[in-house]
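Encoded as structure tokens, the structure appears first; notes follow it.
Here, each number is a calculation from the coordinates, and none is a lab measurement. Small disclaimer: the values here were computed from a predicted structure and weren't measured. Here Cβ is always computed from backbone atoms with ideal geometry, including for glycine, and neighbour counts include all displayed protein chains.
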Amino acid sequence: MASNSPGLKSVNYAIFAKLQEYVYHTRIRDVDHFVERFMDEWSRCDHEITTVAVSEWKARLRACVKANGGHFEHFHDN
């Protein structure tokens with residue numbers, strides 16, 4: 001299975017896109033400030049987004065396995 005399959009990366013995008021929206025709403029001064037903001041926003045984040053993303057990821061993994069690690073565009077959670 002191709003670990004770099006773009007079809008598997010959407011979980012990262014789903015979670016981190018939302019966090020990015022919250023973390024970067026103010027200017028980040030340095031790495032320590034980034035870590036502080038990230039941890040603060042993660043603790044306040046509605047973790048339903050992770051539940052949904054992981055559920056979708058499982059379906060994508062199944063589709064990737066069915067495609068023998070090759071390209072898959074459409075998938076169904078069967």
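The Glu48 and Thr26 beta-carbon pair, evaluated with R₀ = 22 Å, returns a calculated FRET efficiency of approximately 0.35. A simple packing score, the average count of other Cβ atoms within 10 Å per residue, orders the peptides 26-33, 50-57 as 50-57, 26-33, with the highest score first.
How large is the direction-averaged shadow of the alpha-carbon convex hull of segment 6-66, in nm²?
Working: hull surface 18.5 nm².
For segment 6-66, the mean projected area of the Cα convex hull comes to 4.6 nm².
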